[in-house]
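The values are calculated or read from the model by the stated rules, or taken from the named source; none is laboratory data. No experiment lies behind these values; they were computed from the predicted model shown. Every residue, glycine among them, receives a Cβ derived from its backbone with ideal geometry; neighbour counts consider all protein chains shown.
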Amino acid sequence: MDNLSGVTFDFWSVILLFGFFQGLIFIGTVFIGYPKSKSKFLLLLLVLIITFNLFNYLILHSKLYEQVSQLVHIATPLLMLLGPVYYFYMKSLLYKDLNYKASDVLHFIPFIFIAALFSPFYFMEAGEKITLLNAQIKLGKQSLTPEIYGVLLVQIIHSFCYIFLSVKLLNEAMRGNQIRSLDKKYGWLRKFSYGFLIFWSIDFLAVLWYIVQGEIDKEAYYITMLSCAIIINILVIFAIKNNKIFIQMFLNKNRIKYETSSANTSDLRIYLKEIMDYMEEKVPYLDTEFSLSKLADYLNKPKYLVSQVLNVELGKSFYEFVNEYRFNEVKERLKDPANSNMTISAIAYDSGFHNKNTFNKVFKKQTGMTPSQFMEKYAGID
């Protein structure tokens, strides 16, 4: 890399380089900062594939391939791993006991197929590669050969098969869910799925455009480059702004904490159902002195097990769990005109809150409004 005079460093190069380094920083931070888990490994592999793809775009766009021709298209076959890795990542989030089978090797066949298809290019001399790539870039558009048609068609079919399987997996989990509080977890996973679907759809539409045009259009290529950079940026920003949700929902961190527990997933969900039934039928949260000990005594289970159920299945502490019930109670009472003669503090106390500061903090977090603003909006109470 002695001579970099031919390298193009423009707006697109900056975007790609920024996304590439953000991807590497995200991978390094999560790898070092959190305990080992299947979910963490699969998420990092997913980000790594996208990050490598960004690097491939960067090499091609900036003409850096003239210096590192051996790295061109190394990441391209990895795109065939996006679907399987995403699918297994979703399974790791939805099911604790994710075990791999010998038949899972079949998921790698498209990757092997594409890698084999690119092998003649990989074994070209550096000079031949550079001449070929320079000719393609000079034309601005690359004609589609039968081999490229094959790659694009396999990519389309392969990607959407795994999208279908992943969404089906999530929908089945949501339909079988009888625990209301798990809706929040599934809601976040659904948002993640939609985000990934949008990313995949952009690439899919670009591929369709290539097929319709009969050639790879440089402008459409830029759109796919940008979508890769955007998804990395969104993931990094989300992890920073919503760190607790990120580590609980997308890394299964709470599960790791209790990895040595003898209680399995089905046991925990049965216990959670018992807790939810008790909370909704007996409304013990209205008692300002309600505690983890009282809940454990009623269920005839040790406190650590009740705490484990709430942490692993809901990603919440006992007080977060109880205060959510109390908040919902306050919200309903504030809407009821029959309570118009009561002060907000009185309603909060009757709903189980024993501390005004805690109540205000919980209310603001849940609604983004103060209790007074909420009353004005929904009940017309001054």
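Here are some residues: LYS36, LYS63, LYS101. Which one is surrounded by fewer than 18 Cβ atoms within 10 Å (Cβ to Cβ) and more than 24 Å from ILE240 (Cα to Cα)?
Values: LYS36 fails: more than 24 Å from ILE240 (Cα to Cα); LYS63 fails: surrounded by fewer than 18 Cβ atoms within 10 Å (Cβ to Cβ).
Criteria check complete, one pass: LYS101.
On the given criteria, is LYS356 of a type in the set (Lys, Arg) and free of Cβ contacts under 8 Å to residues at least 12 places away in the same chain? Steps first, please.
Numbers: of a type in the set (Lys, Arg): yes; free of Cβ contacts under 8 Å to residues at least 12 places away in the same chain: yes.
When the stated conditions are applied, LYS356 passes them.
Tally the residues that are in a helix (DSSP H, G or I), at pLDDT below 85 and charged (D, E, K, R), restricting the search to the range 334-355.
Number satisfying all stated conditions: 1.
Please go through the range 228-245 and pick out each residue that is surrounded by fewer than 19 Cβ atoms within 10 Å (Cβ to Cβ) and part of a helix (DSSP H, G or I). Before you say what the answer is, go through the steps one by one.
Let us first name the residues in the range 228-245 that are surrounded by fewer than 19 Cβ atoms within 10 Å (Cβ to Cβ), namely 230, 233-234, 236-245.
Selection gives ILE230, ASN233, ILE234, VAL236, ILE237, PHE238, ALA239, ILE240, LYS241, ASN243, LYS244, ILE245.
Report whether or not ILE344 is within 30 Å of LYS36 (Cβ to Cβ) and free of Cβ contacts under 8 Å to residues at least 40 places away in the same chain. Let's see the steps before the verdict.
Details: within 30 Å of LYS36 (Cβ to Cβ): no; free of Cβ contacts under 8 Å to residues at least 40 places away in the same chain: yes.
For ILE344, the condition - within 30 Å of LYS36 (Cβ to Cβ) and free of Cβ contacts under 8 Å to residues at least 40 places away in the same chain - is not met.
Just to be sure I understand, how many residues within the range 28-58 are among the β-branched types (Val, Ile, Thr) and within 19 Å of MET249 (Cβ to Cβ)? Break it down stepwise before answering.
Step one: list which residues in the range 28-58 are among the β-branched types (Val, Ile, Thr), which gives 29-30, 32, 47, 49-51.
Cutting the leftovers down to within 19 Å of MET249 (Cβ to Cβ) gives us 29-30, 47.
Qualifying residue count, the range 28-58: 3.
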